2 protein chains.
Amino acid sequence: MNSPLENVVIIGSGPAGHTAAIYAARANLNPLMFEGFMAGGVAAGGQLTTTTEIENFPGFVSIGGPELMHHMRQQAVHCGTRIRTETVAKVDVSERPFKVYSEEGDVILAKTLILATGATAKRMRVPREEEFWQKGISACAVCDGALPLFRNQPLVVIGGGDTAIEEATYLTKFASKVYLVHRRDELRASKAMQQRAFSNPKLELVWDTVLEDVFGERYLEGVKLRNGKLDRVWDMEVKGLFYAIGHTPNTAFLEGQIRTDESGYILTEPGSTLTSVPGVFAAGDVQDKRYRQAVTSAGTGCMAALDAEHFLATELAGGQH
Amino acid sequence: MNSPLENVVIIGSGPAGHTAAIYAARANLNPLMFEGFMAGGVAAGGQLTTTTEIENFPGFVSIGGPELMHHMRQQAVHCGTRIRTETVAKVDVSERPFKVYSEEGDVILAKTLILATGATAKRMRVPREEEFWQKGISACAVCDGALPLFRNQPLVVIGGGDTAIEEATYLTKFASKVYLVHRRDELRASKAMQQRAFSNPKLELVWDTVLEDVFGERYLEGVKLRNGKLDRVWDMEVKGLFYAIGHTPNTAFLEGQIRTDESGYILTEPGSTLTSVPGVFAAGDVQDKRYRQAVTSAGTGCMAALDAEHFLATELAGGQH
């Protein structure tokens, strides 16, 4: 049942995972990647696989999300990465070598681990949401706000925290109007943030209101809202809907063995990918709730591979490789 | 003489500068970039412009360095970046707005600055060096060590510090033999590092020796060495020469106004691109002496743009944009 001792096992297959794989493979570490099988509700390749158009990954004026991830996967394989299309059920990092348990029941032994399982944007999952996902519905204002689809159009943002106000404010640069829809009658955001929101003429707060559904033909044309206090339901015509209700980092499978913050994001030593367990490294959105871009994820993936290589060459010197 | 007040001025045009430009432009900040004119002895586009083949930038199985930088530049322009092919002579960040002085005598006023001027690898500049640069001569083992050119071949590394030993050790994964040539009779590296070096059968130390010249036909075929103590000169046949004698971060033009470490690297708040001066951000190799990869630079370029955007939206709220 046991497989040979691996130098590096990479869990996750977004930009962080594949960049880690490319660097680890080129460092002759013969990495093994678990790309997952709908892990965290997301296909192998990560969140970009649900993005139609990317204009901010350096090197590509415009490329489809699935296409970019296809390129990265090809490159990782070309460099010598072995990929298993399985989800990791759990890991045991209480002693070295670490144990990785696949959902199919295999146990893999590993000298180092790179955790790159990402984070999944929270959504409301209203009835027709899937139909308009990336056709007017997004969970990333920075990624998608500048798209022509949204220029000089009314947009709606769902949320009430600091991030929601930041994203709504950001979108006022492009939109004709941004409605911030919040289910309560006050914001969770900081006072300073609130003040900025209230003083922005393009931003309008919609209180006590929740999203009920979305509608449109090919692209999103509007949202159905419900004011709980007034028990009123109405349609609002908007060309874009942005969720800003947070993300869920995909760390449940770690069962608390790696130090995280209160939201479940893995804590790394700043400026590196070192986690609370020596030999375990974290890259990408699973450890980043601030920037969350494909290229920042890729950057930390590279760092994780170099950190793992350094660990193997120093801490574990004398071992094979 | 003065130009209008800029939101963001980006100094430098490697992967960090262009990724910052792409993100800043997409955030409607209308960035202005100084790409430099042979600044730091390097062409616009940065160090990659002297690299023939890149196999570790995610998204491209293989691409030429100049070609990748051409793509990034096109993309930055496509997003709306204005580029000036001039070198910045100096800056004044003692008060806001900051002043940027071009070598042609212009003064540009800016609300925020992104410093992405990179670092230049030190070289010996032996007579025939330019002829074989990137044809057997490199300054980055991690970038180039895995190239077929160097597989199972004898290589030489010049240097004596921790980085030199790390790079020499790294190269033993690919090479038939690695000679570490050091001008003194002892290493500056830490004891632990030295021990690893001495116990590696593929690594041989060559003491009291300096590089005199290189030779070959189309590609590097050997190096001419001189032992100063014995006053002996001889040829050594190697297929690769790696400089590991450090880098010079391109920060002289800052004239000490931004906090740096003792080697001149800009200090940033870990996990961000914030420098000692609020509103001035640093990205890429000018603030990274550890990872120094194109993709890590690009990642921090993105971070710098998002940090600048956040700064403009919060600290300078009320101003135009």
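The values are calculated or read from the model by the stated rules, or taken from the named source; none is laboratory data. Keep in mind it's a predicted model, so treat the numbers as computed, not measured. Heads up, the Cβs are rebuilt from the backbone with ideal geometry, glycines too, and the neighbour counts pull from every protein chain shown.
Of the residues B:Glu55, B:Glu35, which single one is more than 11 Å from chain A (Cβ to nearest Cβ) and over 12 Å from the mean Cα position of the chain (by Cα)?
Values: B:Glu55 fails: more than 11 Å from chain A (Cβ to nearest Cβ).
That would be B:Glu35, the only listed residue that is more than 11 Å from chain A (Cβ to nearest Cβ) and over 12 Å from the mean Cα position of the chain (by Cα).
Residues to consider are B:Thr120, B:Thr163; find the one that is surrounded by fewer than 22 Cβ atoms within 10 Å (Cβ to Cβ), among the hydroxyl-bearing types (Ser, Thr, Tyr) and more than 21 Å from B:Lys177 (Cβ to Cβ).
Residue meeting the stated conditions: B:Thr120.
Of all residues in region B:267-276, count the ones that are buried (at least 19 other Cβ atoms within 10 Å of the Cβ) and away from every other protein chain (no Cβ under 13 Å).
Qualifying residue count for the region: 1.
Please state which one of A:Gly240, A:Gly318, A:Gly271, A:Gly246 is modelled with pLDDT of 95 or more and of a type outside the set (Asp, Glu).
Numbers: A:Gly318 fails: modelled with pLDDT of 95 or more; A:Gly271 fails: modelled with pLDDT of 95 or more; A:Gly246 fails: modelled with pLDDT of 95 or more.
Of the residues listed, the single one that is modelled with pLDDT of 95 or more and of a type outside the set (Asp, Glu) is A:Gly240.
What single numbered condition from (1) among the polar types (S, T, N, Q); (2) within 24 Å of A:Asp307 (Cα to Cα); (3) surrounded by 17 or more Cβ atoms within 10 Å (Cβ to Cβ) fails to hold for A:Asn56?
All conditions are met except number (2).
Which one is nearest to the other protein chains (Cβ to nearest Cβ) among residues in region B:282-304 that are in contact (Cβ under 8 Å) with a residue 24 or more places away in the chain and among the basic types (Lys, Arg)?
Ranking the qualifying residues of region B:282-304, first place goes to B:Arg292.
In this structure, is B:His18 outside any strand (DSSP E or B), surrounded by fewer than 21 Cβ atoms within 10 Å (Cβ to Cβ) and either modelled with pLDDT of 95 or more or touching a Leu at 6+ places or on another chain (Cβ under 7 Å) (or both)?
On the way: outside any strand (DSSP E or B): yes; surrounded by fewer than 21 Cβ atoms within 10 Å (Cβ to Cβ): no; either modelled with pLDDT of 95 or more or touching a Leu at 6+ places or on another chain (Cβ under 7 Å) (or both): yes.
Criteria not met by B:His18.
When the residues of region A:73-95 are narrowed to those that are of a type in the set (Gly, Ala, Ser) and part of a loop (DSSP other than H, G, I, E, B), which ends up farthest from A:Gly45 (Cα to Cα)? Show your work before the answer.
Here is the first cut: in region A:73-95, the ones of a type in the set (Gly, Ala, Ser) are A:76, A:80, A:89, A:94.
Now drop any that are not part of a loop (DSSP other than H, G, I, E, B), which leaves A:80, A:94.
Details: A:Gly80: 18, A:Ser94: 29 Å.
That would be A:Ser94.
Could you please let me know if B:Gly279 is away from chain A (no Cβ under 14 Å), surrounded by fewer than 24 Cβ atoms within 10 Å (Cβ to Cβ), closer than 29 Å to A:Gly284 by Cα and small (Gly, Ala, Ser)? Before you say what the answer is, go through the steps one by one.
Numbers: away from chain A (no Cβ under 14 Å): yes; surrounded by fewer than 24 Cβ atoms within 10 Å (Cβ to Cβ): yes; closer than 29 Å to A:Gly284 by Cα: yes; small (Gly, Ala, Ser): yes.
So B:Gly279 fits the description; yes.
(1) more than 14 Å from chain A (Cβ to nearest Cβ); (2) touching a residue at least 12 places away in the same chain (Cβ under 8 Å): which one isn't true of B:Ala43, the others all being true?
With (1) more than 14 Å from chain A (Cβ to nearest Cβ); (2) touching a residue at least 12 places away in the same chain (Cβ under 8 Å) applied to B:Ala43, the lone miss is (2).
A:Asp185 is checked against (1) outside any strand (DSSP E or B); (2) surrounded by fewer than 21 Cβ atoms within 10 Å (Cβ to Cβ); (3) within 27 Å of the chain's Cα centre (by Cα); (4) touching a residue at least 40 places away in the same chain (Cβ under 8 Å) and fails just one. What number does that condition carry?
Looking at each condition in turn, A:Asp185 falls short on (3).
Could you please let me know if B:Phe311 is touching a residue at least 12 places away in the same chain (Cβ under 8 Å), over 23 Å from A:Gly17 (Cα atoms) and crowded, with 24+ Cβ neighbours inside 10 Å?
Numbers: touching a residue at least 12 places away in the same chain (Cβ under 8 Å): yes; over 23 Å from A:Gly17 (Cα atoms): yes; crowded, with 24+ Cβ neighbours inside 10 Å: no.
No; evaluated as a whole, the condition is false for this residue.
Pick from region A:224-242 the residues that are touching a Gly at 6+ places or on another chain (Cβ under 7 Å) and not aliphatic (A, V, I, L, M): which of them is surrounded by the most Cβ atoms within 10 Å (Cβ to Cβ)? Quick ask: steps written out before the conclusion?
So the first thing to find is which residues in region A:224-242 are touching a Gly at 6+ places or on another chain (Cβ under 7 Å), and the list is A:235-241.
Imposing the further condition that a residue be not aliphatic (A, V, I, L, M) reduces the set to A:235, A:237, A:239-240.
Details: A:Asp235: 13, A:Glu237: 13, A:Lys239: 20, A:Gly240: 27.
If we take residues in region A:224-242 being touching a Gly at 6+ places or on another chain (Cβ under 7 Å) and not aliphatic (A, V, I, L, M), then A:Gly240 is surrounded by the most Cβ atoms within 10 Å (Cβ to Cβ).
Report, by residue number, each residue of region A:85-109 that is crowded, with 18+ Cβ neighbours inside 10 Å and under 27 Å from A:Val295 (Cβ atoms).
The answer is A:Thr87, A:Val88.
Which condition breaks for A:Glu167 when tested against (1) in a loop (DSSP other than H, G, I, E, B); (2) more than 18 Å from A:Thr52 (Cα to Cα); (3) touching a Phe, Trp or Tyr at 6+ places or on another chain (Cβ under 9 Å)?
(1)
Go through region A:46-71 and count every residue that is of a type in the set (Asp, Glu) and in a helix (DSSP H, G or I).
Step one: list which residues in region A:46-71 are of a type in the set (Asp, Glu), which gives A:53, A:55, A:67.
Subsequent filtering for residues that are in a helix (DSSP H, G or I) retains A:67.
Total satisfying the criteria: 1.
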